[in-house]
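**Student:** Got a structure for you, written out below as structure tokens; questions coming shortly.
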Amino acid sequence: MASGRRPLIAANWKMNGLKSDGVALAQAVAAWAKSAGAALRGEVLVSPPATLIDAVSAALTGSPVQLGGQDCHAQPSGAFTGDISAAMLKDLGASHVILGHSERRTLHGETDDQVKAKVAAARSVGLVAIVCVGETEAQRDAGDTLAVIVRQIDGSIPSEATATEIVVAYEPVWAIGTGRTPTLAEIVEVHKAIRARLAARIPGGDAVRILYGGSVKPSNAPEVLALADVDGALVGGASLKADDFFAIVNALPQA
Ligand code: 13P
């Protein structure tokens, strides 16, 4: 963690939760964050499935917990069955949107160009885009990790984006939901490369927060969150268990 950047722990619930358990989880996170008050060591955000955004938004009212979507369309409206726009997320109280997650890149064939158009759409309505990048296992084995990450950063982030409009999440594809993580040195190496690329491309790029994601849990969070240029975490599975999620937020180093 470097000074000057407020850390962020972001929950990605993915396609999990019906109304009752999703709202109960949001209420638990909201109550916990509220009672932590000034002792909260960073910003906290939850990203429920689209079906729960409205109800979760209501559950978070009056708490410091922020709300994010998991995707948005690049266009503001139109004949796009099943899609939702950035403005629709904003309308329900979201402040952030996760874009270019590897599950969307892989399972929905999203390209860097498409992710970039979505980031532009998010910017246009004032949503912070959490832009995900990460290499596959084959790319890591081939020694291509840094080249892949730089290509995704360049391809997915509009050059006119400013430091406060984006967050970057480094999520190695092979570490997502597998229980496997890179070594601490490997995380530092990639985050350093992302930092350098952002600094070269974006005015004030040093202020962009870079999250690590991929099998973050209470047991590994303290050492990961203490690393240089790791400004928080994007948490999948462990964010569905309130106590695990709280433990990860509490693992943030004291400011
Ligand atoms: P897991 O924490 O379940 O590995 O998922 C990470 C992730 O994809 C968050 O976006």
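**Student:** Can you tell me which condition Asp229 does not meet? The list is (1) assigned to a loop (DSSP other than H, G, I, E, B); (2) farther than 21 Å from Asp154 by Cβ, and all the others hold.
**Tutor:** Status for Asp229: all satisfied but (2).
**Student:** Could you tell me which numbered condition Met15 fails, if it satisfies all but one of (1) over 20 Å from Leu240 (Cβ atoms); (2) loosely packed, with under 14 Cβ neighbours inside 10 Å?
**Tutor:** So Met15 meets the others, but not (1).
**Student:** Could you tell me which numbered condition Pro218 fails, if it satisfies all but one of (1) assigned to a helix (DSSP H, G or I); (2) within 16 Å of the ligand (Cβ to nearest atom); (3) within 18 Å of the chain's Cα centre (by Cα)?
**Tutor:** (1)
**Student:** What single numbered condition from (1) in contact with a strand residue (DSSP E or B) (Cβ under 9 Å, 6 or more places away or on another chain); (2) modelled with pLDDT of 95 or more fails to hold for Lys34?
**Tutor:** Going through (1) in contact with a strand residue (DSSP E or B) (Cβ under 9 Å, 6 or more places away or on another chain); (2) modelled with pLDDT of 95 or more one by one, Lys34 breaks only (1).
**Student:** Considering the range 237-248 alone, what residues qualify as being within 14 Å of the ligand (Cβ to nearest atom) and either open to solvent by less than 20 Å² (accessible area, probe 1.4 Å) or of a type in the set (D, E, K, R) (or both)? Can you show your working first?
**Tutor:** First pass over the range 237-248, keeping only residues within 14 Å of the ligand (Cβ to nearest atom): 237-241, 244-245, 247-248.
Within the range 237-248, Ala238, Ser239, Lys241, Asp244, Phe245, Ile248 qualify.
**Student:** Exactly one of these conditions fails for Ala200: (1) open to solvent by 10 Å² or more (accessible area, probe 1.4 Å); (2) more than 16 Å from the ligand (Cβ to nearest atom); (3) closer than 20 Å to Leu99 by Cβ. Give me its number.
**Tutor:** (3) is the only condition that Ala200 fails.
**Student:** Select from the range 165-197 the residues that are within 19 Å of Ala147 (Cα to Cα) and of a type in the set (Lys, Arg) and write down the one among them that is surrounded by the most Cβ atoms within 10 Å (Cβ to Cβ).
**Tutor:** Among residues in the range 165-197 that are within 19 Å of Ala147 (Cα to Cα) and of a type in the set (Lys, Arg), the one surrounded by the most Cβ atoms within 10 Å (Cβ to Cβ) is Arg197.
**Student:** Let me ask something else about it. Can you find a residue in the range 92-104 that is open to solvent by 30 Å² or more (accessible area, probe 1.4 Å), farther than 30 Å from Gly62 by Cα and at pLDDT 95 or above?
**Tutor:** yes
The values are calculated or read from the model by the stated rules, or taken from the named source; none is laboratory data. These numbers were taken from a predicted model, which means no experiment stands behind them. Here the Cβ is made from the backbone with ideal geometry for all residues, glycine too, and neighbour counts use every protein chain on show. Note: accessible area is taken over every heavy atom of the protein model, side chains too, but ligands, DNA and RNA are not part of it. Shrake-Rupley method; radii C 1.70, N 1.55, O 1.52, S 1.80 Å.
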